[in-house]
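Data first, discussion second: the structure below is written as structure tokens.
The values are calculated or read from the model by the stated rules, or taken from the named source; none is laboratory data. These figures come from a predicted structure and were not determined experimentally. Cβ: placed from backbone, ideal geometry, glycine included. Neighbour counts: every protein chain shown. Only protein heavy atoms, including side chains, enter the accessible area calculation; ligands, DNA and RNA are left aside. Shrake-Rupley method; radii C 1.70, N 1.55, O 1.52, S 1.80 Å.
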Amino acid sequence: MRRRFIEQSFPLKEVSDISRKEKLVRHGHISTLHIWWTRKPLASSRATSYAALILAEDDPAEWNKKQQFIVELSKWENSLNRQIVEKARRDILNANGGKPPRVLDPFAGGGSIPLEALRLGCETHAVEYNPVAVLILKCTLEYPQKYGRVTRIKERVGMVEVERQANRLVEDVKRWGRWVSEESRKELGGYYPEDEDGSIPVGYIWARTVPCQNPSCGIEIPLMPQYWLANKDKKKIFLYPYVDGKQVEFKIVGDGYEPMPKDFDPSKGTVSKAFVVCPACGNVIDDKATRKLFQTGKTGERMIVVVLRKKNSDGKHYRLATERDLEVFRKAEEQLKVKRQKLMEEWGIDPVPDEPLPPKETLGFRVQRYGMFKWGDLFNPRQKLALITFTEKVRQAYKKMIEEGYDEEYAKAVASYLGLGINRLADRNSSLCRLIPQTEAVGFTYSRQALPMLWDYVEMCVYEHPSGWNSVLDETLENLSHLSQIPPVELEEEKG
Ligand SMILES: [Zn+2]
């Protein structure tokens, strides 16, 4: 048997460079469909699959051409380049007796290898035993191929029947994604109210709190590793803490706000590596004592800042949280109890995930030391309310599709994309989502492959935050549109 190209050589350096750059790609890339920690880059998956499926080349000029071609093929921007992908498919067919080779990935995970095998025209089989991965694989490989083709759709517009070309799967995910947003908003909108001047809240900045352990002080210490809200070249805003009687208060200072105080370093907060310094009396709580306070329920949370979008003014604005903000939040807390009970009765399970987190020795999972033991503990009450309401609406969307006469499998496909979207919303809206002052953006729960403790966090308004549901839906649609454009593989009829 003749050797395969990859056994002879491979443009390792070039493909590695391209794979590294791929991390910055967003639009249409499956990393934005759903997180998978060990997903391989598409560039290396595509290049190695191709090089393993074509034959070694003895002629130096031809060999050189193949090397060059592998580099071009591996580039993200050529993922849907018909000329290049079709040439790759032809080369593979020619090297395999004119029949699409069978490719099996028995540990398919995030789907990079089967996706690229599919792109290269192979008869692709992907196997996984993790149900999350199975769902990702269905949404990546199966549904776009099965339902994502552009077809002629007949529609009635007024009295006339018109025909148009459309990708029905993309249209339905968009339609029902918007439906979920609108329907949930009817219930949740009131928990993210506008300000009186019409400013729209996009997020809320919270700090966890511990009581000062100095008996003659005892104030509630907001845990903040630093005080920056915006730390950009042309926008410097931070919180300035001061003690007023028995309470730590804040001013917002910097560009467009109160004047900056002298001799204050906003990068030095009240907590570092679980060591807490009281801003009132200077008493120190060491890491062990801090954890103990969390484990014994002596800690709290305090909403400190509301992040706003203003009409006729770009960028994010900040104001201190008021009694009204807290009152709205308490109402959301009450509503969570009602909603949770209702859904528990309806579904027969707790809608807030009550499964335990992995044991506290698990690498990188630190939150258990701070009294968070279940997955549901990673969210504040309004975040939980938002997520269970979205989940309910996706289930209702599925029911409505069936009522409208959708095929069951197809309705399941549409609902699956919306379900992946909820997971991504959870990744963006937990009490482990950090404010990033350098960009004023919000960090995701799984910024790293870990769950480290976070002292202060951003709760987003799921409708208005730039990373909220609309952005999740847009990214899902970009993925679907990309995946649907991968041409079908012509397989011979199975015999026997
Ligand atoms: Zn103190």
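Can you give the calculated 222 nm mean residue ellipticity of the chain, where each DSSP H run of n ≥ 4 adds -39,500 (n - 2.57) and the sum is split over every residue, rounded to the nearest 500 deg cm²/dmol?
Working: 14 runs with 190 residues, N = 496.
Result for the chain, helices only: -12500 deg cm²/dmol.
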Provide, for segment 5-147, the number of lysine pairs with alpha carbons under 24 Å apart, each pair being eight or more places apart or on different chains.
29
In vacuo Debye scattering of segment 264-332, one point per C-alpha: log10 I(q)/I(0) at q = 0.21, 0.27 Å⁻¹?
-1.03, -1.14
So how much slack lies between Glu182 and Asp197, counting 0.36 nm per residue of separation and subtracting their Cα-Cα distance, in nm?
3.0 nm
Considering only the other residues whose Cβ falls under 12 Å of the Cβ of Thr299, what net charge follows from Lys and Arg at +1 and Asp and Glu at -1?
+3
So for the pair Glu323, Gln247, with labels modelled 7 Å out along Cα→Cβ, what separation do we get in nm?
0.9 nm
One finds the C-alpha centres of segment 384-429 and segment 247-273 to be spaced, in Å, by 43 Å
Table column - 3J(HN,Hα) (Hz), segment 148-153, Karplus curve with 6.51, -1.76, 1.60, x for Gly and Pro:
x, 6, 6, 10, 7, 10
Indicate the helices, whole DSSP H runs only, in the chain that combine a mean Kyte-Doolittle hydropathy of -0.5 or more with a Cα extent along their long axis of 20 angstrom or more.
408-428, 469-484
Enter the Cα centre distance for the pair segment 1-51 and segment 323-375, rounded to the nearest angstrom.
38 Å
In segment 186-287, which trypsin sites (Lys or Arg not before Pro) are in a loop and have at most 14 other Cβ atoms within 10 Å, using DSSP for the loop call?
Lys234, Lys246, Lys262, Lys268, Lys273
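Roughly speaking, to the nearest percent, how much of the chain's 1.4 Å accessible area is carbon and sulfur?
On the way: 13250 of 25270 Å².
Taking all protein chains in place, the chain shows 52 percent carbon and sulfur surface.
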What spacing in nm lies between the two simple spin-label points modelled at His125 and Glu7, each 7 Å away from Cα in the Cβ direction?
2.3 nm
Please state, to two decimals, what the Cα-based radius of gyration of the chain comes to when divided by 2.2 N^0.38 Å (N = residues).
1.15
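How much net charge surrounds Pro381 when only the other residues with a Cβ under 13 Å from the Cβ of Pro381 are counted, with Lys and Arg +1 and Asp and Glu -1?
Charge balance in the 13 Å sphere: +2.
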As straight-line cross-link partners of Lys268, the qualifying lysines (C-alpha separation under 20 Å, not fewer than 8 residues apart within one chain) are Lys232, Lys235, Lys236, Lys251
When the solvent-accessible surface of protein heavy atoms is calculated with a 1.4 angstrom probe, in what order do Lys13, Lys99 fall, highest first?
Lys13, Lys99
If you check each cysteine of the chain for another cysteine whose beta-carbon is under 4.7 Å away, which ones come up empty?
Cys122, Cys139, Cys433, Cys461
Using each residue's phi in segment 251-260, evaluate 6.51 cos²θ - 1.76 cosθ + 1.60 at θ = phi - 60° and report the 3J(HN,Hα) Karplus result to the nearest Hz, with x for Gly and Pro.
10, 9, 10, x, 4, x, 10, 5, x, 5
Using +1 on the beta carbon of Lys and Arg, -1 on that of Asp and Glu, and nothing else charged, what's the dipole of segment 191-465 about the Cα centre, debye to 20?
680 debye
Where both partners of a DSSP beta bridge lie in the chain, what percent of those bridges are antiparallel, to the nearest 5?
90 percent
So Leu104 and Glu220, fully extended at 0.36 nm per residue minus their Cα-Cα distance, gain in nm 36.0 nm
Under a point spin-label approximation (7 Å from Cα along Cα-to-Cβ), what is the Leu24-Lys311 distance to one decimal in nm?
3.9 nm
For the chain, what is the accessible area per residue in Å², given a 1.4 Å probe and the full set of protein chains?
51 Å²
